[in-house]
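Down below is the structure, laid out as C-alpha cells.
What follows draws every value from the coordinates through simple rules; no lab data is involved. Keep in mind that what you see is a predicted model, and the values were worked out from it rather than measured. We place every Cβ from the backbone using ideal geometry, glycine too, and count neighbours over all the protein chains shown.
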Amino acid sequence: MNRGISELAKMTRDRRAGEGDHVTVILACGGYRSGSTLQYNLLAEYAELAGLGSRLGFVNPHEAHAAVTSLRVSDRGVGVAKCHHVVAGYHDFRSRDEAWAELTQSAEVLPIYSLRDWRDVAASMCRKFRLSLSDLFESALWRENLANLDRWLELGAVVQRYEVLVNEPQLAISEVADAAGLPFTASIAIDAAVATRLDAVYRAMRSTTAEHWDERMLVHDDHIAAPAGGAWREWTTEECRTARSHLEPLLNRFGASWDA
C-alpha cells in the first residue's frame, strides 16, 4: 500500500476544498500497538506549535460529536484526537459506536491510520495485554482490531507506515497537513519531532502508573518496550507457525512478506 495519501482520502480533501470547508478534527485511528500514539503526538505537537489547533486526547465514539461541535462553535482551530474504535459490537459506546465514521463521511474528520509490521503488532499486543499468541488470535480484541482496520480503510483513512513516523516524522507531518489542507512549516515540524522523541516519551512514562496514563502524551507506564520492533524474532518455531498462518495474509495485503 502507498505509504502516503489514499485515493479516497485525496477525494475527501478535494471535496472539502471545493466546499470551502476545513477539517475540524484530525484523528489518529490506527490499530492497537501500531504507532497511533506516536502519530497522535507528532500531529498534536505540530498543531500546537504552529498555532493551528490543540490536542483533544483519547475521544471515544460516544464523545465524538460533542468534541467536534465544541471545536466548531469555539473556533479553536483544528483538534487532534486519538481513537481506535469505529465498528459496533465490541464495546458499549451508548449506541454511538459509528460516530467517527459519520463525522468522517461528513468531511469534518480526517482519519490517519498508522500501519506497522503485523508481527510487531502481534508481539506488542501479547506483551501489553498479557496474552499468548494463540489466545490473541482467538480473542475479540484481535477481531475488533481487524474490523476497525477494514472500516477505516473503507472510509479513506490516510495510511502512514510506522517506519515513516519513526524515521521521517517531518514527512509524516507534511503528508497529513497536505491531506487536511493545513499550512506546513518545516522548521515547526522539526520542533514537533524533537518534542516527541523517545526520551520525552520515557519521561512521560515515568510519571504514570498502571492505573493512570499521561494525559498529554497518552502513554502508560509500560507503553513502550521495543520501539525498534523485532520482538517477534524471539518466538519459538511453533509460535512462528501459529503467527504466520494469521499474519502472512495481512503482510501480503500491504505489500510485505513473511520472509522479507
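Can you tell me the dipole magnitude for region 112-260 around its Cα centre, using point charges on the Cβ only (Lys, Arg +1; Asp, Glu -1), in Debye to the nearest 20? Write out the running numbers ahead of the final one.
Details: 16 positive and 23 negative charges, 21 e Å.
Its charge dipole is roughly 100 debye.
Cα centroids of region 57-96 and region 196-257: how far apart, whole angstrom?
The distance from the Cα centre of region 57-96 to that of region 196-257 comes to 25 Å.
Taking only the alpha carbons of region 147-210, what extent do you get along each of the three principal axes, in Å, biggest first?
38, 34, 19
Size of the dipole of region 124-164 about the Cα centre, Lys and Arg at +1 and Asp and Glu at -1 on the beta carbon, nothing else charged, in debye to 20?
Charge dipole, region 124-164, about its Cα centre: 200 debye, nearest 20.
Computed on alpha carbon atoms, what radius of gyration and Dmax characterise the chain, expressed in Å?
So, for the chain, Rg and Dmax equal 17.8, 56 Å respectively.
Which residue fluctuates most in the GNM of the chain (Cα springs below 10 Å): I173, I112, I224?
I224
Cut-off is 10 Å between beta-carbons; in what order do L110, L251 appear when sorted fewest neighbours first?
L251, L110
Grab the DSSP H runs of the chain that are 4 residues or longer, score each as -39,500 (n - 2.57), total them, divide by all residues and round the 222 nm result to the nearest 500 deg cm²/dmol.
-15500 deg cm²/dmol
Please return the longest range in the chain lying between exposed loop sites, taking GluC sites (Glu not before Pro), DSSP loop only, at most 13 other beta-carbon atoms within 10 Å, and leaving the sites out.
20-137
Ranked by Cβ crowding within 10 angstrom, fewest neighbours first, how are C83, C126, C240, C29 ordered?
Ranked by crowding around the Cβ, least crowded first: C240, C126, C83, C29.
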